[in-house]
Amino acid sequence: MKETYKTTNTLRIKLLPQLAWKGITANGNVYYPYLAAGIFSVFTYFVFASILQNDIRDLFPKREYAWIMLYLGKWLLSVILLFFLIYANGFLVKRRKKEFGLYHILGLEKKHIGAMMFVESFLLYVASLCGGIIFGLVLSKLLFLLLLRICGMPTDLRFVFEPKAFKETIVYFGYVYLINYGGSLRQVGKARPVELMSGSRKGEKEPKFLWLYAFLGMAALSVGYFCSITSQIDDMIFMNFFLAVFLVVIGTYLLFTSGSIAFLKWMKTRKRTYYQPENFITVSGMLYRMKKSAASLSNICIFSTMALITLICTLSLWIGMDGCMHFVCPYDMTMSYCEEKVSQSDVMQEIYSLEEKYGLTAQRVDVYDKVELSVKKIENRFEIQDGKNYAEWYAVDILTQDDYNSVQNSSVSLAEDEALIYSSGRDFAYDTIDFFGREFEVQEEIDEFFPHPKAEGNIFEARYMIVVRDEQVRDTCVRAWCETVGVEDVDRFLQSDETRRVLLLLKGADEEKSAFLEEFSVWGQSQPGFTSLQNGVDRRENDHIMYGSLLFIGVLFGLIFFMCLILIMYYKQIAEGYEDRDNFGIMQKVGMSDQEIHQTVHRQILMVFGLPLVGALLHTMAGMFMVKGLLGVLSFFDMKVFVGSIVGVSVLFAAVYGASYLITAKTYYRIVRQG
């Protein structure tokens, strides 16, 4: 007896690899897309790991900006891929439960089924690794060149694959597939054969507290929308962002799993409407489908929203990158002097000499004095800032009318109690200025002032500029500020804080300006009273690297989110197909024709897959208020580009979403016709 058992057990073990291979090939309509998703996941992770582990990164100028962005991107990518592959694996197990139950009835023990599932998982792991790494070897250099290109870095660098990248990829996905295997064992091991035989038809259970969860979902979504729409760019912006995202995700899940079912049940209570033939079938069918599909549809909605927002941000930054960089740093060079101040004539003489030497022309040369103070603004009053609310305090530059006229090439004339005011953010919009008790009548609010471009959404870089009649009036303002702050030696403060600014903007490309600016900076630093220097070309280069890294990550993440969306949609179509194939016979028995059945089911499927798209578009529109503020942190304020990106991406995404639905629907109709 023991010998017979051992022989039978040995035969079973030998059959397991064959059963595993047959299980994958026989269920190709669910395994092949999962394998393709695994290959793409390995490919994207391997690309990030290869770039980050490559020693060539040490040769990059200003490399820290790109590398911080890429490390953050890889960390976020690893989290997204883990949860997505766990979700996809759960669908595979659900589709195979009936088959596993049949194996168990035919004599295979659960330990043998577990061993067979291990072989399947191992085969998928190896195939995904091989496919993803091969694609990575082929395309990593191309994507590396793309990263260099959009970051504005030299493209003649040699890319070498590092063993660390291979090891990191193998280990990470080893953990992922091991976690998936553990989840599969748990689902199959805890279930009885009868449960396995009916497991593929088992949908999500209806929540016990349906109306409560529906109300909580609506409340969470409303609060999330409110947080996004009313968000301000202050020290709580990132906390508000994560809170809004969390609430919208929770609200979406609750509304799809509970709110939609509650609404359809409410429709059933309206007798006159519900007992119309078309409405009866549609509402009943939708109620059944939503119970089965709610969790999947909420995932489609969330991934659609993520893809939309990522693509909108990426396109906006791509188009507006140059504007962002020049907004932060409009001049090629800025030098500051205190106490002893370089003269304008000496500056111009040096620039004329360098123009002849390098063949470049100065587009702007501005030399003026200013006093910069930190203040808190409440309505039209400027007071001392206490640091409690970032949005209420500003930098204020005080200029004389002579310096203003010189910079702006104008002829403003002010009385002692008059002033001009300029805001680089929101308009000041008051007729009078109260500057620490000193009142001025606003002769004019200036529309533009070149060193500080204007943008209504500019909060982090926002400043005010006040133009007064002469140095005497300016000094009285500074004395009033000093008395409030508690500065003891006011005369010494006035002497040290009055700054002469020398600002230079050259014509031509940034690459042509380096030698000119290098020599001019050496001369400027040798002049009496020099205190600081900012090279605008270097600053814009740093910003270009940072923006380029964000764009690179945005493109890859947009593709990843879209891949997740397509795979979930495809699996949902398969689930709908198998359900409707079994239900078609029942619908025919109650007297419906084939045409009526197809029209009804087609209408229901369109509604099921249309809801996530509508939800994603609504989420995106609400999220754009906060996204606009977050882009403002990157000095992006071009609303024409922003609105155009929203419209263009939304229309294109809806078209691609519809096309993806039609393509995946072919699988649905093929399954249905098999019935």
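Below, the figures for the structure above:
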| read-out | value |
| --- | --- |
| Cβ-derived FRET efficiency at R0 60 Å, K357 paired with K22, nearest 0.05 | 0.15 |
| Surface accessible to a 1.4 Å probe, per residue, for the residues of the stretch 511-563, Å² | 40 Å² |
| Greater than 22 Å apart at Cα, pairs in K341/K370; K141/K167; K341/K507; K357/K513; K94/K572; K141/K164 | K341/K507 |
| Relative contact order, percent, the stretch 290-429 [alpha-carbon distance under 8 Å, six or more residues apart] | 13 percent |
| Extent along principal axes [Cα atoms of the stretch 364-456; Å; largest to smallest] | 38, 27, 22 |
| The stretch 426-455: chymotrypsin sites (Phe, Trp or Tyr not before Pro) falling in loop per DSSP and having at most 15 other Cβ within 10 Å | Y430 |
| Which of S411, S140 is most accessible, then next, and so on - probe 1.4 Å | S411, S140 |
| Percent carbon-and-sulfur accessible area, the stretch 399-533, ignoring ligands, DNA and RNA, probe 1.4 Å | 40 percent |
| By accessible area with a 1.4 Å probe, ligands and nucleic acids excluded, highest first: order of R463, R492 | R492, R463 |
| Fully extended contour minus Cα-Cα distance, from E518 to Q349, at 0.36 nm per residue | 59.2 nm |
| FRET efficiency, 1/(1 + (r/R0)^6) with R0 45 Å, evaluated for D491 and L559 via beta carbons | 0.10 |
| Label-point gap, in nm, between V647 and D322 - each point 7 angstrom along Cα→Cβ | 2.3 nm |
| Solvent-accessible surface ranking, highest first, for C227, C477 at 1.4 angstrom | C227, C477 |
| Gained length - S406 relative to C338, 0.36 nm times residue gap less alpha-carbon distance | 22.5 nm |
| Additional length obtainable on full extension of the chain from I663 to I86, 0.36 nm per residue less Cα span | 205.3 nm |
| Loop-located GluC sites (Glu not before Pro) in the stretch 296-385 whose Cβ has at most 10 other Cβ within 10 Å (DSSP) | E340, E379 |
| Qualifying GluC sites (Glu not before Pro) in the stretch 484-543, DSSP loop, other Cβ atoms within 10 Å at most 10 | E488 |
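The values are calculated or read from the model by the stated rules, or taken from the named source; none is laboratory data. Quick caveat: nothing in here was measured; it's all calculated off a predicted structure. Because the Cβ atoms are built from the backbone with ideal geometry, glycine has one as well, and the counts that use them run over all protein chains shown. When the accessible area is computed, the model is the full protein with side chains, heavy atoms only, and any ligands, DNA or RNA have been set aside. Shrake-Rupley method; radii C 1.70, N 1.55, O 1.52, S 1.80 Å.
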